[in-house]
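A.B. asks: Shown below is the structure under consideration.
The values are calculated or read from the model by the stated rules, or taken from the named source; none is laboratory data. Keep in mind the model is a prediction, meaning the values are calculated, not measured. Note: ideal-geometry Cβ built from the backbone for every residue, glycine included; neighbour counts use all protein chains shown. The protein model used for the area step is the full one, side chains on, heavy atoms only, and it has no ligands, DNA or RNA in it. Shrake-Rupley method; radii C 1.70, N 1.55, O 1.52, S 1.80 Å.
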Amino acid sequence: LFRYNQAARRFYRALIIAKEELILFGFVALILLYLAAVGIYYFEHQAQPAQFTSVFHCLWWAIITLTTVGYGDMYPITVGGKIFTFFILLLGLGISAIPTGLVASALSQGRSESGK
């Protein structure tokens, strides 16, 4: 484990470099999470009142969909809900790609600053 101490320090340094961007992205992701829950509630509550009972219950669907896990326990059946889900899934891909790019860029910057 001690062999990777230098790599752990570089990774920590990269997180420090990208801290502000990651915090901003976290707030944007939370707003998207809430908007996704409200949106799916709007589209699916009338068709599936037992599944999409409230915006709070729809947060589970929003988390699963934005992280692109998709357990299948809650899914849209209306056309509007399916189209909305498609766009939320596209946003979910960006939610995983953006922080990855930020950290990778910060790792590269941290590595070049340390001279290795």
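A.B. asks: With the contact rule set at Cα under 8 Å and sequence spacing of 6 or more, what percent relative contact order holds for the range 9-72? Don't skip to the end; give the middle numbers.
C.D. replies: Details: 30 pairs, mean separation 17.6, N = 64.
Taking the mean separation of contacting Cα pairs over the length of the range 9-72, I get 28 percent.
A.B. asks: Separation between the Ala104 and Ile83 pseudo-spin-labels, each 7 Å from Cα along Cα→Cβ, expressed in nm?
C.D. replies: Taking the two extended label points, one gets 3.3 nm.
A.B. asks: Using a 1.4 Å probe, what is the accessible area per residue for the range 1-97, in Å²? Display every interim value, and only then the final one.
C.D. replies: On the way: 6620 Å² over 97 residues.
About 68 Å² of surface per residue is accessible.
A.B. asks: Fully extended, how many nm does the chain gain between Ser112 and Tyr12 (0.36 nm per residue separation, minus their Cα-Cα distance)? Working shown, then result.
C.D. replies: Values: separation 100, 0.36 × 100 = 36.00 nm, distance 1.47 nm.
Extending this stretch completely gives an extra 34.5 nm.
A.B. asks: Where does the Debye-calculated log10 I(q)/I(0) of the chain sit at q = 0.11, 0.14, 0.19 Å⁻¹, using only Cα point scatterers of equal weight, no solvent?
C.D. replies: Summing over Cα pairs of the chain leads to -0.49, -0.65, -0.90.
A.B. asks: Enumerate the calculated ³J(HN,Hα) couplings along the range 37-43 in order (Karplus 6.51 cos²θ - 1.76 cosθ + 1.60, θ = phi - 60°), each rounded to whole Hz, writing x wherever the residue is Gly or Pro.
C.D. replies: For the range 37-43, the Karplus-derived couplings read 5, 5, x, 5, 4, 4, 7 Hz, x marking Gly and Pro.
A.B. asks: Expressed as a whole percent, how much of the Cα-Cα distance distribution for the range 9-50 exceeds 13 Å? List each step's numbers first, then the result.
C.D. replies: Details: 569 of 861 pairs.
Tail of P(r) above 13 Å: 66 percent of Cα pairs.
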